[in-house]
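Bear in mind these aren't lab numbers, they're just calculated from the coordinates by the rules spelled out. What you see is a predicted model; the values in this text were computed from it and never measured. Note: ideal-geometry Cβ built from the backbone for every residue, glycine included; neighbour counts use all protein chains shown.
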């Protein structure tokens, strides 16, 4: 077995960000990725300026041959109701394709990468983690998304978790689809369910179109997706969408039961269940957890017992709040009253901009971690 200072399972933004910071400090890091690289991933795919700051992303370099779509507004509404446009007059976010974004970050990390590597065996002995009898390290980092094998090992069975399930499709439009697509590249579209349990989106990235839908209620997902597509088509927003959509799942931070640390191990990003509660956005929490995780690892100075990694858990709680029981607004209010409140939110320009978009989706009031010392 080859020895490293850290083994990271998962090559997404969480894993690659952590690897990048550990490699900058001189640690030997290997990233194990199950997929063939560059790999695709279902994701609406937009990042805020705070993410650019945290990643110190060279946007001029990144744009060479990659999608980097400025977003200057959003179109929002309830499914089946008129939508409202909120325009900012400047970029407030940027659209990316995950197959490009993830691969770029992983290559930039300068870590050793082993692709097509399915983790089948994890063993902890004498202070070392051994993976598949091929690699070993004193630190194991789980960053493999919702179904991360490291998270499963820690006893976080998905059957006991309140999971958001989603389906989406991303494809390059042909000339006919381009001519009939009314979604503007600079103005992605968000459409919310009347019961407040999910929303759909349409996001154009140059010649590519991403359409998706996510809900807390997995039993009704297929029917809701079909109704959403019918509504988009009837409005003339899109035409001739592909039939085969991809599914994925994630946890919302306050109710995710997954542990963040154990002896010699930590979880990052979706593996830890860090998606934002009201938007389901996961890229920024993934990047931030990668930075906070790397910071805690370096401060631990090679000692990775649970108590040595406790600063990571404390940093996550300071950033995202403490986990605990959350009484859902959708459960507390009668369906009719909830629909009225949702309509009010989505039809009032001030509420849409300052509450729905600025606070919940764009999080404009939350500074980048790079703004703090030591990030």
- Task: Round to the nearest 10 and give me the degree value, 0 to 90, for the angle of helix 335-347's Cα axis relative to the longest principal axis of the chain.
- Result: 90
- Query: Taking the structure as given and computing Cα extents along the principal axes in Å, which label from (i) 71, 41, 40; (ii) 80, 60, 44; (iii) 62, 47, 39 fits?
  - Reply: (iii)
- Note on the structure: Computed from the beta carbon distance with a Förster radius of 22 Å, FRET efficiency for residue 184 and residue 240 to the nearest 0.05 stands at 0.75
- Hey, what angle do you get for helix 306-320 against the long axis of the chain, alpha-carbon based, 0 to 90 degrees rounded to 10? 20
- Angle in degrees between helix 221-235 and the longest Cα principal axis of the chain, rounded to the nearest 10: 40
- If the chain between residue 306 and residue 28 were fully extended at 0.36 nm per residue, the gain over the current Cα-Cα distance would be 97.9 nm
- Query: R0 = 51 Å: FRET efficiency of residue 255 with residue 175, Cβ-based, nearest 0.05?
  - Reply: 0.70
- Item | Choice from 33, 116, 168 showing the highest fluctuation, given a GNM over the chain with Cα pairs closer than 10 Å | 116
- Query: What is the gain in length, in nm to one decimal, between residue 118 and residue 59 on full extension, counting 0.36 nm per residue of separation less the C-alpha to C-alpha distance?
  - Reply: 18.0 nm
- Between residue 298 and residue 318, 0.36 nm times their residue separation minus their Cα-Cα distance comes to what? 5.3 nm
- Where in region 36-76 does the label zone of residue 107 land, with the point 7 angstrom along Cα→C-beta and an amide N cut-off under 13 Å? 37-39, 61-67
- Sites residue 90 and residue 277 - FRET efficiency at Förster radius 22 Å, r taken between beta-carbons, to 0.05: 0.25
- Could I have the simple spin-label model distance between residue 72 and residue 195, label points 7 Å from Cα toward Cβ, reported in nm to one decimal? 3.9
